[in-house]
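A short write-up of the structure that comes next.
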Amino acid sequence: MSVAIAVLAGCGPTEGLSLDPPGRSDSQGGDKGGGQGDDTAKSHGTNPLDNPDGTDPGLGRITSGKDRTDARNLIDQVKTKGRGPKTGYDREEFGYAWADNADDVPLAHNGCDTRNDLLKRDGEKVKYRSGSDCVVVSMTLYDPYTGDTIDFRKEDASEVQIDHVMPLSYDWQMGASRWSDAERKRIANDPLNLLPVDGSANSAKGDSGPASWLPPAKGIRCSYAVRFAQVAIKYDLPVTAADKDVMLDQCA
């Protein structure tokens with residue numbers, strides 16, 4: 001299920017140090033457009049085909065013919081089955097939100113919660129709370145879902161939410177209900193499955209699969225389908241046949 005971020009506690013005053021995080025980025029297109037699926041919007045972030053562990057920043061567009069072929073070949077590997085019942089699902093079945101103690105996922109056990117790890121990964125002009133190298137108090141975020149640039153401030157935390165690309169409720173219905181607590185905690189905190197995005201877009205998505213919801217910015221939809229497939233393959237989870245068809249269509 002897509003999850004709205006909570007305001008996390010920290011110590012000290014709100015003044016902070018600045019740090020622009022390292023990492024590859026890919027910009028294509030013209031000036032930034034607004035939401036509404038503007039295909040002329042500028043694209044920032046890493047091509048997901050070049051980012052199989054999700055540790056590089058953002059979600060960049062897939063544009064070349066070769067990459068779109070590779071994307072379809074990847075999506076073809078995803079298994080399909082019908083969506084199971086939601087019975088018994090609760091967010092807490094995947095551990096408490098943004099746990100730093102998930103095992104066998106990048107960025108875990110670094111002393112910083114998952115939410116702030118993701119803000120640092122994708123944000124620019126990042127400022128931390130004084131005395132902390134973890135708690136992000138402000139940054140600039142390019143939202144891949146809408147194409148908008150968001151000036152984030154911690155006091156307006158809900159403006160940026162951390163999206164589970166493959167929603168946790170969807171995971172539950174496709175097989176995660178039978179997993180161990182540790183495995184569910186992994187997928188809930190795996191950076192491969194997490195993107196900081198516009199809060200209203202994330203709320204609109206809910207726990208939808210690609211057949212029911214796609215990012216408003218049409219130019220990012222192939223990349224979104226690839227990331228959805230990467231998570232499904234890593235965790236050996238199927239998607240519905242309708243979702244797989246839509247994912248393939250985005251990279252045609």
Evaluation of ASP156 against (1) under 19 Å from ASP243 (Cα atoms); (2) assigned to a helix (DSSP H, G or I) (one fails), failing number: (1)
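Considering only residues that are of a type in the set (D, E, K, R) and surrounded by 23 or more Cβ atoms within 10 Å (Cβ to Cβ), look in segment 122-152 and name the one that is farthest from ALA188 (Cα to Cα).
To start, the set of residues in segment 122-152 that are of a type in the set (D, E, K, R) comprises 122, 124-125, 127, 129, 133, 143, 148, 151.
Imposing the further condition that a residue be surrounded by 23 or more Cβ atoms within 10 Å (Cβ to Cβ) reduces the set to 122, 143.
Working: ASP122: 18, ASP143: 20 Å.
Per the criteria, the residue is ASP143.
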Number of the exception - MET166 against (1) over 30 Å from GLY88 (Cβ atoms); (2) crowded, with 23+ Cβ neighbours inside 10 Å: (1)
Leading residue by the ranking (surrounded by the most Cβ atoms within 10 Å (Cβ to Cβ)) among those in segment 110-121 that are under 18 Å from ASN193 (Cα atoms) and among the polar types (S, T, N, Q): ASN116
Of all residues in segment 235-252 being in a helix (DSSP H, G or I) and hydrophobic (A, V, I, L, M, F, W, C), the one that is surrounded by the most Cβ atoms within 10 Å (Cβ to Cβ): MET247
Residues being out of contact with any Lys or Arg (no Cβ under 7 Å at 6 or more places or on another chain) and aliphatic (A, V, I, L, M) - total across segment 132-184: 6
Of all residues in segment 177-234 being open to solvent by less than 10 Å² (accessible area, probe 1.4 Å) and polar (S, T, N, Q), the one that is farthest from GLY54 (Cα to Cα): ASN202
Pairs where the first residue, in segment 113-137, is at positive phi and part of a strand (DSSP E or B) and the second is at pLDDT below 95 and surrounded by fewer than 23 Cβ atoms within 10 Å (Cβ to Cβ), C-beta under 9 Å, 6+ apart: LYS125/SER18; LYS125/LEU19; LYS125/ASP20
Looking only at segment 60-109, and only at residues there that are open to solvent by less than 30 Å² (accessible area, probe 1.4 Å) and of a type in the set (Gly, Ala, Ser), the one that is nearest to GLY147 (Cα to Cα): GLY60
Members of segment 44-59 found to be open to solvent by 40 Å² or more (accessible area, probe 1.4 Å), assigned to a helix (DSSP H, G or I) and touching a residue at least 40 places away in the same chain (Cβ under 8 Å), listed by number: LEU49
Odd one out for GLN230 among (1) over 16 Å from the mean Cα position of the chain (by Cα); (2) under 21 Å from ASP171 (Cβ atoms); (3) not in a loop (DSSP other than H, G, I, E, B): (1)
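The values are calculated or read from the model by the stated rules, or taken from the named source; none is laboratory data. What you see is a predicted model; the values in this text were computed from it and never measured. Cβ atoms come from the backbone with ideal geometry, glycine included; neighbour counts cover every protein chain shown. Please note that ligands, DNA and RNA were not included when accessible areas were found on the heavy atoms of the full protein model with its side chains. Shrake-Rupley method; radii C 1.70, N 1.55, O 1.52, S 1.80 Å.
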